[in-house]
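The block underneath contains the structure these notes are about, expressed in structure tokens.
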Amino acid sequence: MKLLLSLVLNCLLLLYVHYDYILLGDGQLKERIYILSSLFGIVFDASIMTLIVYTIRHKHAQMAVEGAFWLWCMVNVVYLRHFNTYVDITLIGELRNFDILGESILALVHWRDIVVSVLVLGAFYWVIYRLSNDKEWIKWYYLFIPIVLSFFGIYYANSRIQHTTVGKSLGWWTGNFGSNPYVTGYRYGFFHLFYSSLYTLDMHRSATEADAKAMQALEKQRKNETPHYGSGTALPDNVIFILMESIMSEAITAVCNTDSVMPNLARLANEAQYCNLNMASETGIGWSSDGQLIYMSGILQHSTKNTVNAFTHNAHRGLGSVCKELGYATAMVIPTGKHVWHQQEMCHAYGIDSLYSTIKHGEDYDESLVDSTIQVLNTYKNQRAFITVLNISTHTPCGTHFSKRLHDFQDKKYGEEQLLFFERANYFDFHLGRLIAALRKNGQWNNSLIILASDHHADGWTDQAHARIPLIITGGYPLPHRSHDTTKIFQTDVYPTLLGLLRVNQSWRGVGKDLFNPHSQRLSPAQKQQISNIVLETDWFKGN
């Protein structure tokens, strides 16, 4: 009886983890076959968990294991609401930074989370401590039956999803993944995800002859795309990259009841030497970290693995490294702890020497972030510098009113979640205005190259396929020509464009198109991913 009730409780706890996806029908689990796969995964995980608990004889230890499993489940409940995935095993050490997702960790928890937690923990306590062992209907080894049946059920369902045979679907177990590890959590379960995370923890490999040919072909192509910028023009005094969290082009142009949502950014876009509000987001499962990777290194994220986790210590021909070779000091100002998304290690990989984080400037909001950025700019006032700034207030979740909002937007032509996002965008825009004013006041606007770009589309009220994000290049440094472009561009175009503006003569120019060079060619999506995977998996620039 105890064994059976524990199995049921573990199933219910895992079902709650999948609540938003199964019961509400969101995400990829709208179709019945996806729901079936998820249910098989729940039974598989619950059976293994129950088996583990009942191989332990001491009741306190049993309760401790179930308590740890409850905590892991609830962490994933909160995490999946904002990232549509389970927590990657390699990110466990970052859970202390969970409150970057909102104003506090409590803002992320729903009342039903608390109710479910009390009921589940209370039920586990009753089963383990109060229920007698006299009426055991099944023995612990009977659990191998649901484990085996659900295991094959998972692969049957996924063979239907992948339109293949069960045998070929089982090839996943040896590394032939039918999906990225984030989708794996829902289609295969916790223990499969844990296995896949360990299996692909180090995806580095030696370069092959085919890799070398692909890279040489790209290098040859780039040599024929001679930049046309004049060599006599002096370099900009500063390169300032403002990497905006989830800012949509729609927010820049939005007007709610005659009020502009982002008046400062709209003014910058209108006055900029180059502006394109039709840039497509190319980020993958890493979202913000992927956007930063694309801009800083000119490649796409890995096709199946969270890049900053699997390739943390790779070398890159990053913008920081490029700017250092040109004599610039390099720094980044971030609104989180230095460990979030392996930020400290990735800064080193991009060639950025100084990292200013919340450890130095306190809170996570854009007001204190801008205050800190102004201080950092003053530090580099008398020398050339490449400085990257990341904001945070427009990060998800945007499901409630922002406590620091400056404006309540009301307009029936916009959805509620979009209006809540506008509150945050307006708050960021106000402090962006302060930063721009400081740049003008201290003279750093003059002869500076200032880039504003969004890291990815906003979640909730947009979809990545149709969403557009901004690229604005402004400042006092003269560009080859002024352009307000409406053609579709891509995030990977930013890296080669900046290399061109800085007149960097190197064979590696990324996988995108230099927007000011008519000879520059953009690779196809398949070629972009192929080259990016080669660079990441072989650590192509190591030692170079």
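Numbers for the structure displayed
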item	result
Checklist (1) open to solvent by less than 10 Å² (accessible area, probe 1.4 Å); (2) in contact with an Asp or Glu (Cβ under 8 Å, 6 or more places away or on another chain); (3) at pLDDT below 80 applied to residue 172, failing item	(2)
Matching residues in region 20-46 - criterion: being modelled with pLDDT of 75 or more and open to solvent by 20 Å² or more (accessible area, probe 1.4 Å)	32, 33, 34, 35, 36, 39, 40, 43
Verdict on residue 294 being hydrophobic (A, V, I, L, M, F, W, C), under 22 Å from residue 509 (Cα atoms), part of a loop (DSSP other than H, G, I, E, B) and modelled with pLDDT of 95 or more	no
Residue within region 426-436 that is over 30 Å from residue 516 (Cα atoms), open to solvent by 10 Å² or more (accessible area, probe 1.4 Å) and in contact with a His (Cβ under 6 Å, 6 or more places away or on another chain) present	yes
Subset of region 222-273 (residues that are open to solvent by 30 Å² or more (accessible area, probe 1.4 Å), modelled with pLDDT under 90 and within 23 Å of residue 500 (Cβ to Cβ))	223, 224, 226, 227, 228, 229, 230, 231, 232, 233, 234
Scope region 230-276; condition assigned to a strand (DSSP E or B) and farther than 16 Å from residue 425 by Cα; matching residues	238, 239, 240, 241, 274, 275, 276
Residue satisfying condition, being in contact with a Leu (Cβ under 7 Å, 6 or more places away or on another chain), open to solvent by 30 Å² or more (accessible area, probe 1.4 Å) and either under 29 Å from residue 464 (Cα atoms) or modelled with pLDDT of 70 or more (or both), within set 111, 70	70
Residue pairs meeting the criteria (Cβ under 8 Å; at least 6 apart or on separate chains; first within 15 Å of residue 9 (Cβ to Cβ), in region 63-79; second outside any helix (DSSP H, G or I))	65/56
Members of region 137-164 found to be open to solvent by less than 60 Å² (accessible area, probe 1.4 Å) and of a type in the set (S, T, N, Q), listed by number	150, 158, 159, 164
Residues (part of a loop (DSSP other than H, G, I, E, B), within 27 Å of residue 461 (Cβ to Cβ) and open to solvent by 40 Å² or more (accessible area, probe 1.4 Å)) located in region 366-405	399, 400, 401, 403, 404, 405
Residue pairs meeting the criteria (Cβ under 6 Å; at least 6 apart or on separate chains; first within 17 Å of residue 393 (Cα to Cα), in region 332-346; second open to solvent by 10 Å² or more (accessible area, probe 1.4 Å) and of a type in the set (Phe, Trp, Tyr))	333/356
Test result for residue 491, over 23 Å from residue 444 (Cβ atoms) and surrounded by fewer than 23 Cβ atoms within 10 Å (Cβ to Cβ)	no
Members of region 406-424 found to be of a type in the set (D, E, K, R), open to solvent by 60 Å² or more (accessible area, probe 1.4 Å) and more than 16 Å from residue 246 (Cβ to Cβ), listed by number	408, 412, 413, 416
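The values are calculated or read from the model by the stated rules, or taken from the named source; none is laboratory data. Small disclaimer: the values here were computed from a predicted structure and weren't measured. So basically every Cβ, Gly included, is an ideal-geometry build from the backbone, and we count neighbours across all protein chains shown. These area figures cover heavy atoms from the full protein model, side chains too; ligands, DNA and RNA do not enter into them. Shrake-Rupley method; radii C 1.70, N 1.55, O 1.52, S 1.80 Å.
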